[in-house]
Amino acid sequence: MGEWMDISQPVNNNLAHWPGDQPFHYHTPVTKDMTGSVNIGRITTSTHVGTHADAPYHFMENGGKILDLEIDRYIGPCKIIDLASFHEINEIALKSKLSGRTERLLIRTSLPNKADRFPEDVPPITADGAAFMHSLGVKLVGVDTPSVDPISSKELVGHHSLFKHDINILENVMLDEVEEGDYQLIALPLPLQDADGSLVRAVIKPIRGGDSDAK
């Protein structure tokens, strides 16, 4: 059995964030010297820094929030594919790698995994790409970019198309050092009741022959 591999962005004070959004910041305002017993840290952050899950409320006023999402989608067999040679994640790109049923899908793009640099643009997921994922049974898609849409987009075609096809979204998974193939995935959001998103700790482990009932 393989070891679990962390594919989360390291969360620290150098972590890149959306321009104008709240950056991640950790500090220790209460120290053991002050209390005589413990250090107590404090964080301030956007819900969309680092490796994170989007809830529909992020882009729809009446959309579901993090605790409304099916937790089972974030645990189980997944497939990792490399689409670095494509400028967008469309049906043609996906068909070059996928044909059979796939419930959880992680996609490596051409964007380097540089957690301290916010990109100018990213390869987006298109409407026909989302529809093709749906035809294969995809319920969760993860990308190694901070968005499934162009950075400057206001229409958010990728987000809305994935929602239309009942596909949950993970963003900023780190896949540069990961080979294509079948894996077990755990990427649990925090139980933030009213949140539009949540940081996750995403880990994968290779699936060996016969180790999984991948679906």
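Here are the numbers for the structure shown:
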{"read-out": "Gap separating the Cα centres of the range 90-119 and the range 131-173, nearest whole Å", "value": "10"}
{"read-out": "Positive-end residue, the chain charge dipole about Cα centroid, Cβ charges, pick of Ala93, Pro123, Ser37", "value": "Ser37"}
{"read-out": "Rough spin-label spacing in nm, given labels placed 7 Å along Cα→Cβ, for Leu188 and Phe118", "value": "3.0"}
{"read-out": "Candidates per trypsin sites (Lys or Arg not before Pro) in the range 156-209, loop by DSSP, up to 10 other Cβ within 10 Å", "value": "Arg208"}
{"read-out": "Cβ-based charge dipole, the chain, positive-most Cα from Phe24, Cys78, Ser147", "value": "Cys78"}
{"read-out": "Virtual spin-label span in nm between Asn12 and Glu180, 7 Å along Cα→Cβ", "value": "3.3"}
{"read-out": "Dipole magnitude (debye, nearest 20) for the range 64-215, charges at Cβ of Lys, Arg, Asp, Glu", "value": "320"}
{"read-out": "Lysines with Cα under 23 Å of Lys95, excluding same-chain neighbours fewer than 8 positions away", "value": "Lys79, Lys139, Lys164, Lys215"}
{"read-out": "Point-to-point label distance, His87-Asp166, nm (Cα→Cβ direction, 7 Å offset)", "value": "3.5"}
{"read-out": "Those GluC sites (Glu not before Pro) in the range 47-101 that DSSP places in a loop and that have at most 15 other beta carbons within 10 Å", "value": "Glu61, Glu70"}
{"read-out": "Burial order of peptide ranges 139-150, 35-46, 113-124 (average beta-carbon count within 10 Å, highest first)", "value": "139-150, 113-124, 35-46"}
{"read-out": "Calculated FRET efficiency for the pair Trp4/Arg42, C-beta based, R₀ 25 Å, to 0.05", "value": "0.30"}
{"read-out": "Percentage of interatomic Cα-Cα distances in the chain larger than 32 Å", "value": "16"}
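Each value in this text was obtained by applying a stated rule to the coordinates, not by laboratory testing. Keep in mind that this is a model prediction, so the values were computed, not measured. Cβ atoms come from the backbone with ideal geometry, glycine included; neighbour counts cover every protein chain shown.
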